[in-house]
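Visitor: I am attaching a structure below and will ask some questions about it afterwards.
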Amino acid sequence: MSDLPNAIFLMGPTASGKTGVAVDLVRKLPVEIISVDSALVYRDMNIGTAKPDAATLAKAPHHLVDIINPTEAYSAAAFRKDALHWMDDITARGKIPLLVGGTMLYFKALKEGLNDLPVADPAIRAELDALIEKHGAPYLHTLLKKIDEETALRLSPNDTQRIGRAMEIYRITGKPMSALLKTENKMDFPYRIQSVALIPSDRSALHQRIATRFKQMLEQGLIDELRKLREKYALHPDMPSMRCVGYRQAWQYMEGEISQAQLFDQGIAATRQLAKRQLTWLRSMPENVEIDCLADQLTQRVRLALNL
C-alpha cells in the first residue's frame, strides 16, 4: 500500500462545510478537487445544488462539475470512469486527488467497483411505473420494505427512480438488491486512501444550517432558476435532475401543487432526510477519521488528521 499514490476522500452530509474546507486545502496543499456530487454534474443548476460560484471555481477548480445537461442521466459507473481518469491525470502532474462530496454511492463505487446487477427490463419497469402512477411512490416503497428492508430504509419514500430500480431487480432475480450488492465484484483501487468525514456533534445545529441555506436558496432565486431551466431544456419532473432536493419541491410549487410555505417546509424536510441518509452511509465506514464539522478551525483539524 505504501507504494501506491495518495488520494484524499473528504466526505460529509449536506451543509457540513465540505466545499469551504476543500477550497482552503487547495490554497495550502498540492491537491486538486474532484467533485463527488450527483447534482453538481448538471449545467445551469447552480442555486439549488449549492454549486460553488464562479470566483470560487476559478480559485479552486472542480473536476466533474457542469459536465452534462439536466436532460441527461449520470451513473455511478460513469462517475467511476471519469474520476479514475482525473485521478490519474492529477497524480501524473505531481498533485494529490482530493475527492469531495456527499454522494456516498459514488465513493463506494470508486473504491470497491461495481456489481453485476441485471439490466433494465422495459416490461417490468412499465408495470412498476403504472403502480407509482396509480398509488404513488410511497406505496411502492412500502412494498419494497417487505422484500428488501435494508434498501428501503436508505431510500426516501418519494425516490421513484431508486425504489423502482430496487423493485425491478427483485422481480428479475428473485433476490433483494441489498443482497446482490454484497456480492459485488471487488476491484483493485490503485490509490492509498485517507478518508475524512465531517460529522456534526449536534444534529440540531446541522438542521439549522440546512434551514438557513434553503432559505438563502429561495432568496437567491431558486424558483426563477427553475423557470429558466424549464424554458431552456425539455424537462419533466421524473428526470433525475428534477428529482434533486429543492428542485423537486420548487417544481411542485410552480405547478400549484404546494404553497410557498409548503415549499419551504418540504424543502427543508427533504434536505434533512438527505443528510440523515448520508450520515447512515458514513457510520458504516469505520475507516473514516471523523471530525466535528461544527468545530472551530475546521480546515486545520482536517490537515492534522491527514498529517499534511
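Any read-out appearing in this document is the output of simple, stated calculations on the displayed coordinates, not a laboratory observation. Predicted model only: the values in this text are computed from it and were never measured. Cβ atoms come from the backbone with ideal geometry, glycine included; neighbour counts cover every protein chain shown.
Visitor: Where nothing but the Cβ of Lys and Arg (+1) and of Asp and Glu (-1) is charged, how large is the charge dipole of the chain around its Cα centre, in debye to the nearest 20? Write out the running numbers ahead of the final one.
Guide: Working: 40 positive and 37 negative charges, 98 e Å.
Roughly 480 debye, rounded to the nearest 20.
Visitor: Give me the count of lysine pairs in region 116-265 whose alpha carbons sit under 29 angstrom apart, restricted to pairs 8 or more positions apart or on different chains.
Guide: Count of close lysine pairs: 12.
Visitor: Something else now. Tell me, what ³J(HN,Hα) does each residue in region 135-140 have, in order and in whole Hz, if you take phi through Karplus 6.51 cos²θ - 1.76 cosθ + 1.60 with θ = phi - 60° and put x for Gly and Pro?
Guide: 3J(HN,Hα) across region 135-140, in whole Hz: 10, x, 4, x, 5, 5.
Visitor: Fewest to most neighbouring Cβ within 10 Å: what's the order for THR271, THR280, THR56?
Guide: Neighbour counts put them in this order, fewest first: THR280, THR56, THR271.
Visitor: Can you list residues from other chains, or at least 5 along the same chain, whose modelled amide H is less than 5 Å from the amide H of GLY12?
Guide: GLY101, LEU198
Visitor: Can you list the equivalent-ellipsoid semi-axes of region 84-178, largest first and in whole Å, using the square root of 5 times each Cα gyration tensor eigenvalue?
Guide: Semi-axes from the Cα gyration tensor: 34, 14, 12 Å.
Visitor: Counting trypsin sites (Lys or Arg not before Pro) as exposed when in a DSSP loop with at most 10 other beta carbons within 10 Å, what is the longest stretch of the chain free of them? Could the numbers behind the result be given before it?
Guide: Working: sites that count: ARG93, LYS182, LYS186.
Result, exposed sites excluded: 187-308.
Visitor: Once the cut-off is 13 Å, how many percent of the Cα-Cα pairs in region 122-181 end up in the long-distance tail?
Guide: Every Cα pair in region 122-181 considered, those over 13 Å come to 53 percent.
Visitor: Over region 200-305, consider all pairs of different Cα atoms and compute the Kirkwood hydrodynamic radius from their mean reciprocal separation; express it in Å, one decimal.
Guide: 15.8 Å
Visitor: Which whole-number percent of Cα pairs in the chain have a distance greater than 31 Å?
Guide: Numbers: 14675 of 47278 pairs.
Summing the P(r) of the chain above 31 Å gives 31 percent of all pairs.
Visitor: Assigning unit charges at the beta carbon (Lys, Arg +1; Asp, Glu -1) and nothing else, what dipole magnitude in debye, to the nearest 20, does region 122-181 show about its Cα centre?
Guide: That gives a dipole near 80 debye.
Visitor: For region 159-308, with the dipole built from +1 on Lys and Arg beta-carbon atoms and -1 on Asp and Glu ones, taken about the Cα centre, which of VAL289, TYR191, TYR253 lies farthest toward the positive end?
Guide: Result: TYR191.
Visitor: What's the center-to-center distance, using Cα atoms, between region 120-170 and region 24-96 in Å?
Guide: 30 Å
Visitor: Here is a follow-up. When N is the residue count of region 261-308, what does its C-alpha Rg come to as a fraction of 2.2 N^0.38 Å?
Guide: 1.57
Visitor: Could you tell me which of SER178, PRO30, TYR233 has its Cα farthest along the dipole of the chain towards the positive end, charges placed at Cβ (Lys, Arg +1; Asp, Glu -1), taken about the Cα centre?
Guide: PRO30
Visitor: Another question, if that's okay. How much of the DSSP beta bridge set in region 13-112 is antiparallel, as a percent to the nearest 5?
Guide: Values: 0 of 9 bridges.
Of those bridges, close to 0 percent are antiparallel.
Visitor: Per residue of region 121-127, what does 6.51 cos²θ - 1.76 cosθ + 1.60 with θ = phi - 60° give for ³J(HN,Hα)? Whole Hz please, x for Gly and Pro, Karplus curve as stated.
Guide: Couplings: 10, x, 5, 5, 4, 4, 5 Hz.
Visitor: With labels modelled as points extended 7 Å from the Cα through the Cβ direction, what inter-label distance (nm, one decimal) is found for GLU257 paired with GLN161?
Guide: Going by the 7 Å Cα→Cβ label model, 1.6 nm.
Visitor: Another one. Counting only helical runs of four or more DSSP H residues, what would the 222 nm mean residue ellipticity of the chain come to if each run contributes -39,500 (n - 2.57) and the total is spread over all its residues?
Guide: Per the formula, -16000 deg cm²/dmol.
Visitor: Quick one: longest stretch of the chain between exposed loop GluC sites (Glu not before Pro), exposed meaning at most 11 other C-beta atoms within 10 Å and loop per DSSP?
Guide: The longest uninterrupted stretch comes out as 1-254.
Visitor: Next up: Just name one of LEU4, VAL302, LEU131: the one whose Cα is farthest towards the positive end of the charge dipole of the chain (beta-carbon charges, Lys/Arg +1, Asp/Glu -1).
Guide: So the residue furthest toward the plus end is VAL302.
Visitor: If we restrict to alpha carbons, what Rg and Dmax does region 149-202 come to, in Å?
Guide: Cα only, region 149-202: 15.6, 42 Å (Rg, Dmax).
Visitor: With springs connecting C-alpha atoms under 10 Å apart, model the chain as a Gaussian network and identify which of ALA275, ALA120, ALA50 has the largest mean-square fluctuation.
Guide: Ranking ALA275, ALA120, ALA50 by mean-square fluctuation puts ALA120 first.
Visitor: For region 251-263, just list the computed ³J(HN,Hα) in residue order, Karplus coefficients 6.51, -1.76 and 1.60, θ = phi - 60°, integers in Hz, with x standing in for Gly and Pro.
Guide: Running phi through 6.51 cos²θ - 1.76 cosθ + 1.60 with θ = phi - 60° gives 4, 4, 5, 5, 7, x, 7, 9, 7, 5, 5, 5, 4 Hz.
Visitor: May I pose another question? Using modelled backbone amide H atoms (1.01 Å from N, in-plane), which distant-in-sequence or interchain residues come within less than 5 Å of CYS293's amide H?
Guide: Placed amide hydrogens put ILE199, SER201 under 5 Å from CYS293.
Visitor: Right, here's the next one. Using amide H atoms built in the peptide plane, which far-off residues or other-chain residues are under 5 Å from ILE96 H to H?
Guide: When sequence neighbours closer than 5 places are left aside, the close amide H contacts are VAL31, GLU32.
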